[in-house]
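Computed from the coordinates by the stated procedures, all read-outs in this text should not be read as laboratory data. These numbers were taken from a predicted model, which means no experiment stands behind them. FYI the Cβ positions are ideal-geometry reconstructions off the backbone, even for glycines, and counts take in every protein chain you see.
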Amino acid sequence: MLGKVIWFHDELRMALIERSGGFTVGSVYAGFLTLGGMVEGGFRQAGPTTLKDVVTDEEVSFFVEADAMTEDEANDLLGIVRS
């Protein structure tokens with residue numbers, strides 16, 4: 001599955017990925033995600049997974065915290081993190 005990194009916080013190692021049918025939020029354990037970049041992988045189920053940056057071909061160890069967020073929930077989360 002493909003997704004777009006719409007938010008990544010390097011210090012918190014947290015990311016929000018937009019994908020078909022909703023949004024996924026999770027933690028980056030190893031590697032780096034590029035804001036606006038495309039990733040490929042299994043991020044529709046909670047738990048550990050490996051993502052691949054489509055442009056750089058680099059792998060990212062990722063832990064899916066929530067896999068079925070709506071746009072409103074994603075906006076609420078970003079509002080909390082930014083305040």
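Observations, loosely collected:
- For the pair MET1 and ASP76, label points projected 7 Å from Cα toward Cβ lie 2.1 nm apart.
- With helices as the sole contributors, the chain gives -4500 deg cm²/dmol at 222 nm; each DSSP H run of n ≥ 4 counts as -39500 (n - 2.57), and the sum is divided by every residue.
- For GLY37, neighbours were defined as the other residues whose beta-carbon sits under 14 Å from its Cβ, and their charges (Lys and Arg +1, Asp and Glu -1) total -4.
- Seen through its C-alpha gyration tensor, with square-root eigenvalues sorted a ≥ b ≥ c, the stretch 1-54 comes out rounded because a/c lies under 1.5.
- Mean Cα-pair separation over length for the stretch 2-82, i.e. relative contact order, pairs under 8 Å, 6 or more apart, %: 28 percent
- Net charge of Cβ neighbours under 11 Å - reference GLU59; Lys, Arg +1; Asp, Glu -1: -3
- Net charge of the neighbourhood of LYS4, taken over other residues with C-beta under 9 Å away and scored Lys/Arg +1, Asp/Glu -1, is 0.
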